[in-house]
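The values are calculated or read from the model by the stated rules, or taken from the named source; none is laboratory data. Computed from a predicted model, the values in this text were never measured in an experiment. Please note: Cβ atoms are built from the backbone with ideal geometry, for glycine as well, and neighbour counts cover all protein chains shown. Remember, those area values only see protein heavy atoms, side chains included, never the ligands or the DNA or RNA. Shrake-Rupley method; radii C 1.70, N 1.55, O 1.52, S 1.80 Å.
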Amino acid sequence: MKSLLANVWTKRVLALVSVLYAAGVCRLCYLSLFYDIHIHGRASLCLLLTAVSILALVVMLYTRRQVLTRIASFVILPAMLPVVLLHFGEWVLIIPIIVTGIAIFLLSGSGEGAKTAIGTITLLLYIFGALGYFLFTSFFVSSAKEEVVQSGVSPSGRYRYRVVNTEDSSNGSTAIHIEPNYADKEYPFITFTLKNVDRIVDMTRPISEEINIEWKTQTRQEITEQLNEKSEHIVVRLSQDALEKLGIKSNDHYTLFGISSSQKSELGKAESDFNDILLSDVPDEKLSVFNLAKDEKGAYYVIEPTQEFLQQTGFPEGQRIYLRDLNETQLRAFHIIVDNAIYLHTLTDEQLAKLGVPEKGDVMYFNGEVCFRYYVAELEEYFDVDSRHFSLDLLG
């Protein structure tokens with residue numbers, strides 16, 4: 001047994017435990033940034049984390065001279081910084097890991113010079129991180145008092161809502177927040193809920209005395225008919241992928257803006273007729289008015305780009321420049337934007353199904369008025385639960 005424990009390969013294999021522990025701490029760091037933490041079994045979570053941390057610490061001390069363990073000892077404490085700052089007070093989660101991190105950092109086999117340098121950097125990170133976070137929350141986070149007066153889940157279980165009363169200097173407000181109920185990460189004794197994906201679907205001022213929330217289940221066809229009865233000019237903005245699913249080309253959504261009086265005259269229009277126009281509505285023989293033309297396949301290109309434009313974009317002189325190759329900023333140089341808006345009444349039920357709109361779903365009524373339809377949420381992709389973006393809102 002002694003020979004096995006003294007074997008260098010045994011230590012190298014067991015050093016993987018330190019890597020797994022550090023990876024778990026980094027995973028917790030990631031979750032603390034993008035998710036809110038809800039602990040629903042404090043004693044059990046504390047015992048579990050303490051047991052795992054003690055076991056990991058024993059193994060890391062045994063392998064403290066291995067390179068993997070040394071690296072892990074330098075990672076744990078910096079990785080815990082977001083957890084400490086954003087979830088300060090959740091001691092059952094923080095203390096076992098911090099104590100383990102400090103112990104293995106001090107007792108690892110790394111040289112004193114490396115420990116001093118990394119320790120100083122880590123300490124400065126905590127000091128300046130805490131100071132910056134304190135200043136941000138003191139000066140940039142709203143001081144308005146919010147109170148959740150009602151909450152619940154939709155009949156399908158796909159969405160959850162909160163009714164929030166906010167007291168401010170403008171007589172307050174009542175807002176309905178909707179967020180997805182399918183983006184949580186649930187573990188034993190703890191749940192992580194995604195930050196900043198809720199959407200305010202209704203806000204009334206001042207604070208509403210009467211709060212009556214009602215959910216109904218309606219079919220896709222019923223909602224389409226209701227919306228089309230209200231107006232034929234309701235538009236939805238679809239992503240480029242969604243347009244491609246419907247077989248709609250981007251050519252159909254180029255819009256000319258800021259059209260001059262002389263250009264309107266060239267098109268045979270009066271000054272008051274319009275300000276914007278779909279490029280597809282411009283006759284081919286009039287495209288030259290806007291320094292544009294079509295090739296034999298119907299793709300738009302620039303007739304004579306200026307030298308300044310070529311220098312800014314890096315396109316070689318003499319190459320045909322197609323609109324499809326230009327980004328949003330470059331298109332604006334030709335007074336063109338890409339507008340992915342499409343009239344709802346032009347979409348068939350089959351097309352809506354192609355876009356991923358379920359046959360039936362949840363509709364919310366607030367005090368008798370519709371404020372949320374699953375249908376619109378799916379079409380306009382209200383809840384982007386897959387992408388992650390750093391923003392100051394994560395610190396609020």
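Some notes on this structure:
- Top positive-direction residue, dipole computed over the stretch 47-172 with Cβ charges, set PHE88, GLY152, THR63: THR63
- Percent of Cα-Cα distances greater than 17 Å, calculated over the stretch 183-337: 77
- Based on alpha-carbon atoms, the Kirkwood radius and the radius of gyration of the stretch 15-147 give Rg/Rh equal to 1.02.
- Along the chain, the exposed loop sites are GluC sites (Glu not before Pro) outside DSSP states H, G, I, E and B with at most 11 other Cβ atoms within 10 Å, and the longest stretch free of them is 1-208.
- Shape category assigned to the stretch 84-205 from the gyration tensor of Cα positions, a/c cut at 1.5: oblate
- 3J(HN,Hα) along the stretch 108-121: 5, x, 5, x, 5, x, 5, 4, 5, 5, 5, x, 5, 4 Hz, from the Karplus curve 6.51 cos²θ - 1.76 cosθ + 1.60 with θ = phi - 60°, whole Hz, x for Gly and Pro.
- Annotation: amide H-H contacts under 5 Å for PHE372 (H modelled 1.01 Å from N, sequence separation of 5 or more, or interchain): MET364.
- Here the gap between GLU210 and ALA51, fully extended at 0.36 nm per residue and compared with their Cα-Cα distance, gives a gain of 52.2 nm.
- Of the residues TYR375, LEU16, THR174, the one whose Cα sits farthest toward the positive end of the charge dipole of the chain, with +1 on the Cβ of Lys and Arg and -1 on the Cβ of Asp and Glu, is LEU16.
- Per residue, the solvent-accessible area of the stretch 106-244 (1.4 Å probe, heavy atoms of protein chains only, all protein chains present) comes to 61 Å².
- Prolate/oblate/rounded call for the stretch 155-244, Cα gyration tensor, a/c under 1.5 rounded: oblate
- Computed log₁₀ I(q)/I(0) - Debye formula, equal Cα scatterers, no solvent, the chain, q 0.09, 0.12 Å⁻¹: -0.86, -1.08
- Other residues within the sphere of radius under 13 Å centred on the Cβ of ILE97, judged by their own Cβ, net out at 0 (K and R +1, D and E -1).
- Loop-exposed chymotrypsin sites (Phe, Trp or Tyr not before Pro) per DSSP, neighbour cap 14 Cβ within 10 angstrom, longest uninterrupted part of the chain: 275-389
- Straight-line cross-link partners of LYS286 among the lysines, defined as a Cα under 27 Å from its Cα and at least 8 positions apart when in the same chain: LYS249, LYS264, LYS269, LYS294, LYS297.
- Cα-projected label distance for ALA114 with GLN307, points at 7 Å along beta-carbon direction, nm: 5.9
- Phi-derived couplings, Karplus 6.51 cos²θ - 1.76 cosθ + 1.60 at θ = phi - 60°, listed residue by residue for the stretch 167-180: 9, 9, 6, 10, 6, x, 7, 10, 10, 9, 9, 10, 9, x Hz, with x used for Gly and Pro.
- Taking amide H positions as modeled 1.01 Å from N, with prolines and chain starts lacking one, the residues under 5 Å from ASP168 and 5 or more places away or on another chain are SER173.
- Computed from the Cβ-Cβ distance with R0 of 51 Å, the FRET efficiency linking GLU285 to SER156 stands at 0.45.
- Radius, Kirkwood style, for the stretch 1-78 when every pair of distinct Cα atoms is counted (Å): 13.8
- Each Lys or Arg adds one and each Asp or Glu takes one away; over the other residues whose Cβ falls under 11 Å from the Cβ of SER32, this sums to 0.
- Heavy-atom surface analysis with a 1.4 Å probe gives the chain a carbon and sulfur content of 55 percent of its accessible area.
- Electrostatic dipole magnitude of the chain [Cβ: Lys, Arg +1; Asp, Glu -1; Cα centre; debye, to 20]: 2920
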